[in-house]
Structures are given as structure tokens and as C-alpha cells.
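Q: Shown below is the structure under consideration.
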Amino acid sequence: HGTAARLYTEQDPLVILGSSSLKPTVSNSSSAWLVQFFSSWCGHCIQYSSTWKALAQDVKDWQQAISVAVLDCAQEENFDVCKEYGIKFYPTFKYFHAHSPETNRGTIYRGADREIQSVRQLMVNILQNHTKLNWPDHCPPLRPYSSVELLSLLGQRSDHYTAIIIEEPDSYVGREVILDLLQFSGVEVKRALSSDLPLLDALKISTFPSVYLLHPNGTHTILHVEKRLRFFFSSLLRTLPGVQRKLKSSISSSSISNGGQMGVLSDKMIGDPWRDFDRSKVYTADLESALHYLLRVELATHNSLEGEELKIFKDFVTVVAKLYPGGGSVVKLMETLSDWLLSMPLQRIPYQAVLDLVDNKMRISGVFLGSELRWVGCQGSRPGLRGYPCSLWTLFHVLTVQHDTMPTALDYTGLQHEAAPVLQVMRRYIRTFFGCKECGRHFEEAAEESMDKVNNKEEQILWLWNQHNRVNNRLAGSLSDDPLFPKAPWPSPSLCSSCHEEKNGVHVWNQENVLLFLRQHYGAANLSPKYSV
Ligand code: FAD
């Protein structure tokens, strides 16, 4: 939609409407709509856009019930439609109930407070203002259930979990969690009120909000959470065994395709035995497989390396040789490769020579890089999912943490003057060699936006963590999302509960604790050699 890209882009988790799409979108829709009519020249709208984007991200999983959109009234093609909908000031917020007739011009929201929490609660109220007749097709009931209705479920078998959130009457947590789980199958969320004494008695609950869980097999218990926050409840329910995100194939396929190259993995993974692993560990088998795949498959598609490509390859090998934790054969191999590359007077290296060196080295000195791909923490639930891209992220997280531990490791390599050498090497590698071109383009955009602002080794660790979460958010529910390893903000509350907090009703990270966690998780001491060669 042309210049709308200035404030909002297709990357944002909201819908950008225009003159021809507004009416067809908000009329006769199975969901409700909340539309911000803005003007790209209005200073307040520009300032507010980051809040609106954060709101849209916060309620992204609600969109089957209520969707968030924007429309830029400063665009000439939108003049008429903004007039028709009576927009006189910017921004104007209008909502449309589900199944609205075409004549509906929407209802203006005039709340003084436009902070995320207030708008989110407004959205819940909008949903509840529907009647039986126009209720959004995919919106579950939001009303509180009574003890009579709920107690009869106790002890019954079912094909899904039922979570009962018991809360104070003015709390929104229950309804928010119900909507957070809208895209997930295998769990149904209901709410009940703290004023329902027979229920509290029967379930022995006295603190609010609490979640009581009915298991499919008929047993039931209170769900233990470390913090009684929406994010903790939703995360826990989403990760119950058998609970899965419903995949929607409607997401634009360009942003989710893994690129043809990742299909190469499929054949190798067929028949792979499942390897049990611990999600709180990092496996050297994955790191070795990353290097194996990178050297033997990804780079092998290049007949020769010269100029800029050769330089990027050399830098990559240097960074791994200097920073790969624990010494061992990987480091020896990389050091050999690095020395060899540096000693070569050639401007252009046939890639076969690199492969020969890797093979020879292995044969002669027993220096070894696994001769097969062995995914452990990066196993997918079926071929084609996870694997190489997962291991590449893992490798770079490990390298950023290691650089922090060994600050002088890159001295005399030519990289010592860069503020964030690991990120810059990763950026150039991804841009030049990573098989998924679309991924490379996204990563380059993010790098252009903020990588140069990274000033030190701690920020380097956090930048990569944050960027990785942005990718996770974008890909959640897409085709490359493995149902067994759903994309979600990472680390989850169960991996690091002190990483999560809430501020003004909005989930926030405690970055200090995130940094501590990353140092521990990706640190040398947390590497497991299990399944490694
Ligand atoms: P991954 O996202 O690969 O994560 C691997 C592991 O890292 C996780 O299992 C978890 O243990 C840990 N982890 C998760 N989040 C974080 C975090 N924030 N910080 C630290 N550790 C974390 N795919 C696309 O479809 N479109 C893209 O645009 C795209 N861009 C990519 C860009 C890069 C640079 C890379 C390396 C990959 C990209 N991919 C993209 C692939 C995608 O990000 C995943 O790697 C792939 O879908 C496999 O996902 P996964 O479930 O194994 O988890």
C-alpha cells in the first residue's frame, strides 16, 4: 500500500487497509475489527505507532476474534474513504463488530488512555458487547462459568485439557488467556469468579487469579505458576503435552518459506532415531552438524570463492577457530583451515580444495568433524523442520557468549576493532551464503536498522537474542513452525522465570536476568557432548 510503508510495513503484525480494502474487510467479517485511522504527517501518530505495533503484537493471537488494522488518511487515494467514514482528527480509533452490515461506519473509541493495557481491555469489552446473533465465529465464550457447570466436568475424560481460571470480577486475565489460546488446539480455557464460593470450596482455591487444570484422563490439579501473570498462564498452557498451535496456511507464503535449500535436509533425516534431550542444555552435536552442513552442503554450492566472498569465509572460519568453546577437534580443524586460508596467496580458491583439506585433515590426524548430520536439540518432529537453521542460530548465540568470556580472543585477527565482530561476521555470512535468501533479506534489514548501535559484548549477546525473538514472533504459526517446538518468546518462563515481568499490564523482559541466563545457557559449561562424535 504505497507510502503507508513509512509508518507501518507488511512486517508488522497488523493489517494495513486502504480505500478499496476497508469496507470489504470490516463488513460481514467473521471477526471484529479495531482500526486506527492515522495520518502519516501527524507527529502524534508517528510517536504512537510504536505503541500500536506493540499492541498488535500483544494481541496477535486474538485476530480470529478481533483484528487490529491501520489506515493512512494522508494518502491521496484514501481521502474519500476517510471522509466517508467521518474521520476528522488523527488518530481516530474505530471498532466494527463482527458481521457488521456495509452501512456501518464503525464506532469511535474516545478513551483518554491509549496505552496498550487499556486498548487491550477495550478489545475484550468490544468482544463481549456482541450478542448471540453477531458473536464472532471463532471467539470462545468469555463469560464466567458457574460452579454448577464446572464441577460437573470434574473427573470426566476428554480429548483435551480444560483450564479453569478463577479470578476477581474486575480482572481481565482470564479473558486474555482465553483469547491467547484461541489459535491452539488441545486445551479449552474457561473462567470463573472468586465470588463463586462452592467452586472455591470444591477446588480449595483461595488466591487469585489461579488456574485449575482438568487433564484429559480425568484427573485434576491446581496448576503451579511462579508468577500469577497472564504471560505465565498462557505460556504454561501452550506448552502442555499435546497442545499445538493450529497452523494457518493463509499467512503469506513468501515470508515463511524456508527456501528450497533446507529441503536438502529432508532425505538425511528420514529414519533418524529420536534422540532424547534436555531443553535446558546446548548440544555440541548440533554445533558440529551446523559446521558440517555449512562446509559440505551450503558452501559446496559455490564452485570457488574469491574477493569479498573469500574474505567473509575467512573471517567466519577465524571467528569459529578463536571462539568455539572447549577446544577439541572442531577448533583444531578450524585452526588448520584458517592457517591454510591465510597462507594461500591465491585470489581465488576452488571450493573443492577446501573440501579436500577438510577430508584429508580428518583422515590423517583424526581431527574430526562429524561425517553425518546429527540433530539433537535441533531435531524436528518431521523431516524438513528445524535442523540446520536452528543449529546456526545456536552456534552464533554460543559465539556471542564466548566472545564475552574471552574478550581478547579476536586480537590480531583484523576483527578486533569492530564493536560487534561476531554479529558482523554472522551478518556477512547470512547475506552471502545462507541458502534461505528471504531469511537473509530480513536479517539484513534488521542489521541495517540497529546492528551498528551495538557498542559492547553484552549488547552483542542481547542484540542477537532480541533479533531471534523478533523472528520467532514473525514465524509463530507459519509453515516452518514445528508443532512440537512452537515458536514463542524465548526463554520461556519455565526456562527462566526471573526473565519475565509485567509493567502496566504488559509483558516486559528483565534484560539483566536475560543476560545472566544467556551467559549460563550458551556458556561452555552448559554444552553437552551427548550424541557428539
Ligand atoms: P530456532 O528459531 O531455529 O531456534 C533454535 C533454538 O534456539 C531454539 O530451539 C531455542 O532453544 C533457542 N532460541 C529460540 N529463541 C531464542 C532467542 N531469542 N535467543 C536465544 N536462543 C533462542 N525462517 C523463515 O521462515 N523466515 C525468515 O525470515 C527466517 N530468517 C532467519 C534468519 C536467520 C539469521 C536464521 C539463522 C534463520 C532464519 N529462519 C527464517 C529460520 C528460522 O528462524 C528457524 O531457524 C527455523 O524455522 C527452525 O526453527 P526452530 O524451531 O528450530 O527454532
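The values are calculated or read from the model by the stated rules, or taken from the named source; none is laboratory data. For clarity, every value in this text was computed on a predicted model and none was experimentally measured. Reconstructed Cβ throughout: ideal geometry from the backbone, glycine too, with neighbour counts over all protein chains shown. Please note that ligands, DNA and RNA were not included when accessible areas were found on the heavy atoms of the full protein model with its side chains. Shrake-Rupley method; radii C 1.70, N 1.55, O 1.52, S 1.80 Å.
Q: Name the single residue, out of those in region 383-399 being open to solvent by less than 10 Å² (accessible area, probe 1.4 Å) and either in contact with a strand residue (DSSP E or B) (Cβ under 6 Å, 6 or more places away or on another chain) or more than 6 Å from the ligand (Cβ to nearest atom) (or both), that is farthest from LYS457 (Cα to Cα).
A: Filtering first and then ranking leaves LEU385.
Q: Also, I was wondering about something else. Which residues, taken from region 157-196, are polar (S, T, N, Q) and either part of a strand (DSSP E or B) or within 17 Å of LEU214 (Cα to Cα) (or both)?
A: SER158, THR162, SER185
Q: May I pose another question? Taking only pairs six or more apart or across chains, which ones have beta-carbon atoms under 7 Å, a first residue in region 428-448 that is open to solvent by less than 40 Å² (accessible area, probe 1.4 Å), and a second residue that is more than 7 Å from the ligand (Cβ to nearest atom) and in a loop (DSSP other than H, G, I, E, B)?
A: Partner pairs satisfying both residue conditions: GLY435/GLY259; CYS436/GLY259.
Q: Continuing with the same structure: Would you confirm, using the coordinates I've provided, whether PHE485 is in contact (Cβ under 8 Å) with a residue 60 or more places away in the chain, crowded, with 19+ Cβ neighbours inside 10 Å and out of contact with any strand residue (DSSP E or B) (no Cβ under 9 Å at 6 or more places or on another chain)?
A: Criteria not met by PHE485.
Conditions tested, residue by residue: (1) assigned to a helix (DSSP H, G or I); (2) within 18 Å of LEU399 (Cα to Cα); (3) near the ligand (Cβ under 8 Å from one of its atoms).
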position	(1), (2), (3)
ARG427	yes, yes, no
ARG441	yes, no, yes
GLU449	yes, no, no
HIS468	yes, yes, yes
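Q: For region 480-503, which positions are more than 27 Å from ARG228 (Cβ to Cβ) and more than 8 Å from the ligand (Cβ to nearest atom)?
A: PRO483, LEU484
Q: Give me a count of the residues in region 173-187 that are more than 16 Å from VAL119 (Cα to Cα), more than 19 Å from the chain's Cα centre (by Cα) and hydrophobic (A, V, I, L, M, F, W, C).
A: Count: 2.
Q: Do we find that LYS204 is on the phi > 0 side of the Ramachandran plot and open to solvent by 20 Å² or more (accessible area, probe 1.4 Å) in this structure?
A: Taking the combined requirement at face value, the residue satisfies it.
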